Amino acid sequence: MRGLPEDPERQTQHQKHRSWVKKATAAFFFVVLVMIGITLAESCFLTPASNRRQKSSHLSPEEEALLRSRCPYMEKIVPQPGFENSTVFLGDEYKKHSVKVWGDMIRIPTQSYDLMGPIDEDPRWQIFAEFEKYLNATFPVFTERAELEHVNTYGLVYILTGSDLSKKPILLTGHQDVVPVPDNTVSRWTHPPFSGHFDGQYMWGRGSADCKNTVSAIFEALESLCSQDFHPKRTVVVALGFDEEASGYVGARNIGKYLENRFGRDSFLMLLDEGGAIVEDVYGVDLALPDTGEKGRVNVVDLETTGGHSSVPPPHTSVGIMSELITTLESSPFPLQLEPSSPFYTQLQCMARFSNSSMPNSLRADIVSLAKDPEAKNRVLELQSRDLYTKYLFSTSQAADIFDGGSKSNALPEQVSAQINYRIDVGSSVKEVQDKVEGIVRQIAHKYGLGVKGFSAYQQGFDPIPKGGFTLSVTDALEPAPVTDVTENPTWALLAGTIRHVFEDDGSVLGSANREIVVSPSLTTANTDTRHYWDLTPNIYRFNPVRMNYFVNIHAVDEHVLVDAHLETVAFYYDFVQNADCFDE
């Protein structure tokens with residue numbers, strides 16, 4: 001009965017029972033902890049659920065649920081214990097080492113050019129032999145342990161074979177070459193372009209950003225891991241092309257064939273190449289933007305007409321006609337289009353979900369309604385297209401880059417050539433571009449009584465009349481890359497979780513206080529060596545692990561990178577390799 005004292009004998013029995021329960025409970029939790037320890041020893045750590053971002057106060061529950069499905073929040077992934085923490089790379093002692101090895105890499109002028117002769121004939125290729133010697137001498141532990149395959153002489157494939165061959169390898173790629181430095185620009189550099197000059201904060205030189213920041217970081221990370229007796233379960237492959245800046249036809253194309261022959265089609269877990277970066281403070285959000293897609297490209301057009309003396313010219317010479325064609329093409333841009341399959345569509349969803357009050361509520365509402373409200377979609381497209389870079393994330397661009405015609409001031413030009421470069425949106429195709437261009441060309445040709453030889457040799461319509469005509473030719477045609485689907489894709493969680501860990505936890509020295517990294521897919525408007533690796537894996541990510549604010553003047557005079565930002569890049573590859581090794585597909 002409540003309130004009455006318990007019988008002493010029963011009290012003693014009860015105390016014994018409670019003591020037994022405590023011991024049993026302690027033993028149970030000890031076993032659980034042991035099992036957890038065993039499990040974690042073979043897997044990666046996730047940060048506690050308490051680190052999850054709370055629901056935005058700017059969204060209704062319905063909107064939050066919708067955006068959560070479109071832009072899920074990725075947990076941080078932290079490597080298992082056993083190796084030095086990646087924060088070791090952010091200290092002053094390691095910085096001195098990194099400045100030395102990265103700077104020496106920049107001092108090797110590995111320039112590639114659009115028109116180069118065969119490898120065994122053009123001496124400009126020989127600089128890449130020096131670059132290979134440098135890698136092997138500077139990172140001896142990794143390069144001696146890894147198998148090295150030479151592909152087409154200067155293509156380098158380092159293979160660090162794992163102990164579990166049932167696990168698909170990871171592929172880390174970059175390129176040895178840099179864009180040329182024109183002689184007439186050298187005097188404009190603050191520091192000589194191949195000096196690898198460190199001014200106490202920034203590393204200066206051609207390739208410091210593109211792409212020796214990445215190449216050096218990969219090798220620095222793997223050298224550190226191998227020096228700590230890292231023996232991966234999962235094979236790690238590092239592939240370096242040597243003519244990426246000239247479309248990779250000599251380097252990466254052959255590397256892609258070699259890797260497919262050796263490992264097989266769809267044989268890699270994932271591929272990580274250069275691409276997007278971290279863009280800070282977009283409506284209060286720091287966005288990490290790995291590119292999961294890549295635009296296509298195609299170049300067109302030639303025009304031939306009869307010549308003559310310029311003293312008796314026709315009303316319109318071939319130069320004038322070609323100029324009119326270009327003007328007409330430029331006045332007829334490709335439509336803006338944004339479908340759910342586009343990486344930029346998902347990027348907008350992430351911005352709407354995680355941005356702060358600096359994003360207007362009307363814009364947030366329009367983004368949420370993209371799929372169901374055409375007027376809302378038009379408003380979003382109109383707003384985003386005001387910025388040229390953003391505009392071409394959801395439309396095909398066209399640029400008249402080369403115009404060549406005529407040889408003498410008193411002679412009518414007989415042939416005019418124009419190269420018009422198209423970067424094709426992921427929702428379009430080479431054929432769609434060809435059809436649009438040919439339609440406009442035929443309008444101009446009809447106006448001036450000219451013939452047209454279409455893109456296909458079997459198309460009708462070319463009239464070899466004395467006045468001449470247009471010849472539509474295609475060079476360097478490339479369809480848009482397959483888009484990597486990030487929906488419930490474990491490799492996306494692996495990449496995003498590593499990014500969040502490194503750039504929120506390790507990189508707090510450069511990051512904004514109390515601001516999380518939101519990882520979202522995006523799209524690159526340029527082309528990378530990944531164009532030659534499509535058949536190796538469906539999981540292709542293009543990402544420079546660096547804060548974009550500290551990546552300055554890529555491909556331009558005074559290219560330079562903040563060294564602390566480079567150290568974050570090293571930390572990223574160091575942790576990513578470890579996380580990938582314990583990743584269970």
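No value in this document is a laboratory result; all are computed from the given coordinates. Just so it is clear, the structure is predicted and the values come from calculations on it, not from any experiment. Heads up, the Cβs are rebuilt from the backbone with ideal geometry, glycines too, and the neighbour counts pull from every protein chain shown.
Rounded to the nearest 20 debye, the dipole size of the stretch 320-445 about its Cα centre is 400 debye, using +1 on the Cβ of Lys and Arg and -1 on the Cβ of Asp and Glu. Would the stretch 479-585 count as rounded, prolate or oblate if I go by the C-alpha gyration tensor, calling it rounded below 1.5 in a/c and otherwise prolate when a/b exceeds b/c, oblate otherwise? Since a/c reaches 1.5 but b/c is at least a/b, the shape of the stretch 479-585 is classed as oblate. Straight-distance candidates among the aspartates and glutamates for linking to residue 372, with alpha-carbon spacing under 20 Å and chain neighbours fewer than 8 residues away dropped: 62, 63, 64, 339, 382. Would you please classify the overall shape of the stretch 229-361 from the alpha carbon gyration tensor, given that a ≥ b ≥ c denote the square roots of the eigenvalues, rounded means a/c under 1.5, and beyond that prolate means a/b larger than b/c while oblate covers the rest? The shape class here is oblate. I want the local charge near residue 490. Using Cβ-Cβ distances under 10 Å, sum +1 for each Lys or Arg and -1 for each Asp or Glu among the other residues. Charge balance near residue 490 sits at -3. Within the set 257/436; 295/447; 100/133; 96/133, which residue pairs have Cα atoms separated by over 27 Å? Over 27 Å apart, Cα to Cα: 257/436; 295/447.
Remark: 502, 179, 433 ranked as 179, 433, 502, counting other beta-carbon atoms within 10 Å and listing the fewest first. Relative contact order of the stretch 345-469, taken over Cα pairs closer than 8 Å and 6 or more residues apart, is 12 percent. Taking a straight line from the alpha carbon of residue 453, these aspartates and glutamates sit under 20 Å away, with near neighbours fewer than eight places off in the same chain left out: 302, 304, 324, 404, 414, 432, 435, 438, 463, 476.
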